[in-house]
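Participant: Before we start, here is the structure in question, set down as structure tokens.
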Amino acid sequence: MFKCILCCKDFDNSKKTEEHIFPESIGGNICLWEMCKNCNSHLGKNVDAPMINNFQIEAKRQLLKLSGKKGHIPNPLEDGVLSSDPSQKVKYKFKNGLPDSLYIVPNFKYRQDENGNNTIQIILDKKDEHKLPEILEKIKKRTSKNGKPVEFSNIKKFEGRDENPWMKMTKIFNLYDWQRCVIKIAYEMTYRKLGVNYLYNPIAIRIRELLKKEKIDKTDLEDAKLKGNINLANASFNISFVDDPNCLYVVFLPIDGKLICLVRIFDVFEGFIITDDTCNESFPVDGEIIKIDVINKSKEELKFIDFITQQIKLNEQESI
Ligand SMILES: [Zn+2]
């Protein structure tokens with residue numbers, strides 16, 4: 001038997017599912033198994049996905065070539081329109097993880113001219129010009145299916161040029177969504193450290209209420225009465241030892257009987273919350289740092305004091 005760490009119901013061991021503490025799509029490689037299927041898919045859909053699909057995280061995933069479960073690497077500049085013609089879809093193509101060139105998405109406009117002839121206007125990116133015969137063939141095939149095959153009797157080509165090809169796009173940021181994902185990571189990492197006793201901790205109970213909701217707003221977050229700060233990286237605090245932009249970090253710091261859990265997601269989001277304010281001798285809590293290098297797919301877990309010693313030694317070598 002095991003107790004699901006979200007719904008706290010007891011399940012048979014055969015019902016265990018793999019919960020990635022940091023979402024797998026951003027390179028998370030630390031897992032828990034004490035979670036039922038329902039809770040796992042709820043967290044995946046309502047807590048992890050809004051973080052993974054965040055514009056800045058998508059940009060980071062493109063840069064670091066981090067694919068999702070289906071092997072897809074997101075393009076954060078995919079759904080724009082041309083500033084001079086909002087009916088024309090455009091996107092940026094990426095090269096080596098960085099935006100490279102604006103691309104005109106193929107566009108078809110069907111209409112009748114003044115003589116009653118049907119016309120098709122096909123707008124293509126210059127790079128796609130060679131695909132035109134293939135596209136015409138496809139249109140012929142498709143229209144012959146409904147018995148009215150199109151014959152192209154008069155093809156005229158025009159070459160246009162936008163002197164000011166700006167792309168416009170709208171992105172919606174929901175602050176609470178990604179703050180909640182950081183809180184989830186802190187909660188699960190604390191459970192991983194403290195074990196099943198942590199589930200009965202008053203802070204853990206409040207965090208679970210927050211995590212169980214489908215959507216959250218400011219009031220939900222306030223009601224959880226969590227102490228800490230979660231923000232864009234470098235906006236709130238800057239701790240020099242957790243600054244590798246390609247890494248995910250968790251740092252545990254026990255201070256004054258409280259356990260502070262710091263989470264950093266690349267150079268995008270960071271935050272800390274107090275996940276336990278009842279630390280005492282019964283909880284053997286040490287300062288600790290967990291670092292996931294998503295490029296090398298490696299994980300390091302060190303006592304905080306050992307990590308600091310390591311850093312000091314590295315700095316000494318550099319200065320020689
Ligand atoms: Zn559950």
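Participant: At q = 0.11 Å⁻¹, what log₁₀ I(q)/I(0) does a Debye calculation on the Cα points of the chain give, no solvent, two decimals?
Facilitator: Reported log10 I(q)/I(0), two decimals: -0.80.
Participant: Below 8 Å between Cα atoms, with a sequence gap of 6+, how large is the relative contact order for the chain in percent?
Facilitator: Details: 482 pairs, mean separation 41.9, N = 320.
Here the relative contact order equals 13 percent.
Participant: Can I ask one more? To the nearest 10 square angstrom, how much accessible area does K9 have with a 1.4 angstrom probe?
Facilitator: 130 Å²
Participant: Here is a further query. Along the charge dipole of region 177-319, Cβ charges K/R +1 and D/E -1, which of T278, S298, V251 sits furthest on the positive end?
Facilitator: T278
Participant: Dipole size in debye (nearest 20) for the chain around its Cα centre, Lys and Arg Cβ +1, Asp and Glu Cβ -1? Write down the numbers at each step before the final one.
Facilitator: Values: 50 positive and 47 negative charges, 327 e Å.
The dipole magnitude comes to about 1560 debye.
Participant: Sequence neighbours fewer than 8 away in the same chain don't count; with that in mind, list the aspartates and glutamates whose C-alpha is under 15 Å from K156.
Facilitator: Counting by Cα, and skipping residues close in sequence, K156 has these aspartates and glutamates nearby: D113, E129.
Participant: Now for a different question. To the nearest 20 Debye, how big is the dipole of region 80-168 about its Cα centre, given +1 on the beta carbon of each Lys and Arg and -1 on that of each Asp and Glu?
Facilitator: On the way: 19 positive and 13 negative charges, 88 e Å.
Using Cβ point charges on Lys, Arg, Asp and Glu, region 80-168 gives about 420 debye.
Participant: State the answer as a single residue: which of Q112, I135, I123 lies farthest towards the positive end of the charge dipole of region 91-149, with beta carbon charges of +1 for Lys and Arg and -1 for Asp and Glu, about the Cα centre.
Facilitator: I135
Participant: For a protection proxy built on the mean count of beta-carbon atoms within 10 angstrom, sort 51-62, 161-172 highest first, please.
Facilitator: Working: 51-62: 20.5, 161-172: 10.2.
Answer by packing, highest mean first, reads 51-62, 161-172.
Participant: Could you calculate, for region 1-154, the ratio of the Cα radius of gyration to the Kirkwood radius, expressed as Rg to Rh?
Facilitator: 1.20
Participant: Most fluctuating residue of L248, L194, L63 in a GNM of the chain with Cα springs under 10 Å: which is it?
Facilitator: Evaluated over the chain, the most mobile residue of the options is L194.
Participant: Return the sequence-ordered ³J(HN,Hα) values of region 14-26 in whole Hz as given by the Karplus equation 6.51 cos²θ - 1.76 cosθ + 1.60 applied to θ = phi - 60°, using x for Gly and Pro.
Facilitator: Each residue's phi maps through the Karplus curve to give 5, 8, 5, 10, 8, 9, 7, 5, 7, x, 4, 5, 9 Hz.
Participant: Would you work out which of I230, Y176, P202 lies farthest towards the positive end of the dipole of region 169-239? Charges go on Cβ: Lys and Arg +1, Asp and Glu -1.
Facilitator: P202
Participant: I'd like the projected area of region 177-319, averaged over all directions, using the convex hull of its alpha carbons. Report it in nm² with one decimal.
Facilitator: On the way: hull surface 38.2 nm².
For region 177-319, the mean projected area of the Cα convex hull comes to 9.6 nm².
Participant: Can I ask one more? Could you list which residues have their amide H under 5 Å from that of D276, counting only those 5 or more apart in sequence or on another chain, with H placed in the peptide plane?
Facilitator: Those qualifying (amide H under 5 Å, at least 5 residues apart or on another chain) are L259.
Participant: Show the residues, 5+ positions off or on another chain, whose built amide H is closer than 5 Å to the amide H of G287.
Facilitator: For G287, the qualifying residues are F304.
Participant: Would you list Y176, Y103, Y187 from the most to the least accessible area, probe 1.4 Å? Write out the running numbers ahead of the final one.
Facilitator: Working: Y176 55, Y103 25, Y187 5 Å².
Per-residue accessible area, sorted high to low, gives Y176, Y103, Y187.
Participant: If you average the C-alpha positions of region 64-85 and of region 144-194 separately, how far apart do those two centres end up, in angstrom?
Facilitator: When both Cα centres are located, 6 Å separates them.
Participant: Further, regarding this structure: Sticking with the crude label model, points 7 Å out along Cα→Cβ, report the distance from I120 to K303 in nm, one decimal please.
Facilitator: 7.2 nm
Participant: In region 1-46, which GluC sites (Glu not before Pro) are in a loop and have at most 11 other Cβ atoms within 10 Å, using DSSP for the loop call? Spell out each step's value before the answer.
Facilitator: Values: sites: E18, E19, E24, E34; in loops: E18, E34.
The qualifying sites are E18.
Participant: Just subtract the alpha-carbon distance of L232 and D256 from 0.36 nm times their residue separation and send over the number in nm, one decimal. All intermediate terms of the calculation are to be shown ahead of the outcome.
Facilitator: On the way: separation 24, 0.36 × 24 = 8.64 nm, distance 2.67 nm.
6.0 nm is the gain from fully extending L232 to D256.
Participant: Something else now. For region 80-168, max minus min Cα coordinate along each principal axis, in Å, sorted largest first?
Facilitator: Taking the Cα atoms of region 80-168, the three principal extents are 46, 29, 20 Å.
Participant: May I ask you to list, by number, the DSSP H helices of the chain whose Cα span along the axis is at least 15 Å and whose average Kyte-Doolittle hydropathy reaches -1.0 or more? Could you put the intermediate results ahead of the total?
Facilitator: Working: long enough: 132-145 (20 Å, -0.97); 175-194 (29 Å, -0.29); 202-212 (16 Å, 0.45); 304-319 (23 Å, -0.44).
Those that clear 15 Å and a mean of -1.0 are 132-145, 175-194, 202-212, 304-319.
Participant: Next up: Before anything else, pin down the relative contact order of region 177-319: Cα pairs under 8 Å, at least 6 apart, normalised by residue count, whole percent.
Facilitator: Numbers: 215 pairs, mean separation 29.6, N = 143.
Relative CO of region 177-319 lands at 21 percent.
Participant: Residues of region 137-175 with amide nitrogen under 19 Å from the 7 Å Cα-to-Cβ point of S83?
Facilitator: In region 137-175, the label zone of S83 (backbone N under 19 Å from the point 7 Å along Cα→Cβ) covers 161-171.
Participant: Averaged across orientations, what area in nm² does the convex hull of the alpha carbons in region 125-215 project?
Facilitator: Computed as one quarter of the Cα hull surface, the answer is 13.4 nm².
Participant: Let me ask another. I want to make sure I understand the PRE zone here: with the label point 7 angstrom from the Cα of N164 toward its beta carbon, which residues in region 75-111 have backbone N atoms less than 13 Å away?
Facilitator: Taking a point 7 Å out along Cα→Cβ of N164, the residues of region 75-111 whose backbone N falls under 13 Å are 83-85.
Participant: Which value in deg cm²/dmol, rounded to the nearest 500, describes the helix-derived mean residue ellipticity at 222 nm for the chain, given -39,500 (n - 2.57) per DSSP H run of n ≥ 4 and division by the residue count? Before the final figure, lay out each step's value.
Facilitator: Values: 8 runs with 87 residues, N = 320.
My calculation for the chain gives -8000 deg cm²/dmol from helical runs alone.
The values are calculated or read from the model by the stated rules, or taken from the named source; none is laboratory data. This is a predicted model, so every value here is computed, not measured. Neighbour counts are summed over all protein chains in view; Cβ atoms, including those assigned to glycine, are modelled from backbone coordinates with ideal geometry. Note: accessible area is taken over every heavy atom of the protein model, side chains too, but ligands, DNA and RNA are not part of it. Shrake-Rupley method; radii C 1.70, N 1.55, O 1.52, S 1.80 Å.
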